[in-house]
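**Q** Dropping a structure here in structure tokens format, bear with me for questions.
The values are calculated or read from the model by the stated rules, or taken from the named source; none is laboratory data. Since this is a predicted model, take the numbers as computed values, not measurements. Here the Cβ positions follow ideal geometry from the backbone for every residue, glycine too, while neighbour counts run over all protein chains shown.
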Amino acid sequence: MIVADTNVLSEPLRPAPDPQVLAWLADHSGELAVTTLTVGELFYGAQRLPPGRRREHLLTAVEAIVSSAGDRLLPYDSPAARQYGLLRARREAAGHAVSVEDTMIAAICLAGGHELATRNTRDFADTGVVLHDPWTQ
């Protein structure tokens, strides 16, 4: 499976989404998964908007992502927590900046043997996760 990062899942929700990303998502729709962390980031992004139609549209879209994910909604569980500890310690020892959320997403991928689709490949470059950038592929 390929885990879709927040920036990948939010791209189709933009007023003018990148056609290349839309095509990439269509080509890989059967193999995509989403983490509970990404769902939280999507809900957070929608809730930051002022009340109104745009916010309600985004909240509905996030709910649709959650309901359509089914068993492809990946939790941050005990195996991921173990990977997180290893990965964060290794990244800090190497002097790399550590984002807690990105490290948790990478840990979920590592624990499950999943790849990751993200625009922020630089943030995940040293994690050992196989990366895809839908903006360039």
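**Q** Any residue at all in region 46-55 that's without any contact (Cβ under 8 Å) to a residue 60 or more places away in the chain, closer than 22 Å to R122 by Cβ and among the hydrophobic types (A, V, I, L, M, F, W, C)?
**A** No, region 46-55 has no match at all.
**Q** Return yes or no: is L74 surrounded by 14 or more Cβ atoms within 10 Å (Cβ to Cβ), under 18 Å from S10 (Cβ atoms), touching a residue at least 24 places away in the same chain (Cβ under 8 Å) and in contact with a His (Cβ under 8 Å, 6 or more places away or on another chain)?
**A** In short, yes.
**Q** Here is a further query. Out of region 86-136, which residues are touching a strand residue (DSSP E or B) at 6+ places or on another chain (Cβ under 6 Å), assigned to a loop (DSSP other than H, G, I, E, B) and either closer than 21 Å to P12 by Cα or not aliphatic (A, V, I, L, M) (or both)?
**A** H114, P134
**Q** May I ask you to list the residues in region 3-55 that are surrounded by 13 or more Cβ atoms within 10 Å (Cβ to Cβ) and not in a helix (DSSP H, G or I)?
**A** V3, A4, D5, P17, D18, H28, L32, A33, V34, T35, L49
**Q** Next question, about the same structure. Quick one: V66 ticks every box in (1) on the phi > 0 side of the Ramachandran plot; (2) at pLDDT below 95 bar one, so which box is it?
**A** (1)
**Q** Just name the residue that is nearest to D77 (Cα to Cα) out of those in region 115-130 that are surrounded by fewer than 20 Cβ atoms within 10 Å (Cβ to Cβ) and within 13 Å of the chain's Cα centre (by Cα).
**A** E115
**Q** Which of the numbered conditions does A81 fail, given that it passes all the others? Conditions: (1) touching a residue at least 24 places away in the same chain (Cβ under 8 Å); (2) in contact with a strand residue (DSSP E or B) (Cβ under 9 Å, 6 or more places away or on another chain).
**A** Of the numbered conditions (1) touching a residue at least 24 places away in the same chain (Cβ under 8 Å); (2) in contact with a strand residue (DSSP E or B) (Cβ under 9 Å, 6 or more places away or on another chain), the odd one out for A81 is (2).
**Q** Six or more apart or on different chains, Cβ under 8 Å: which pairs go from a residue in region 87-109 that's touching a residue at least 40 places away in the same chain (Cβ under 8 Å) to one that's part of a helix (DSSP H, G or I) and of a type outside the set (A, V, I, L, M, F, W, C)? Could you list them?
**A** L87/T103; E101/E41; M104/Y84; I105/T38; I108/Q83
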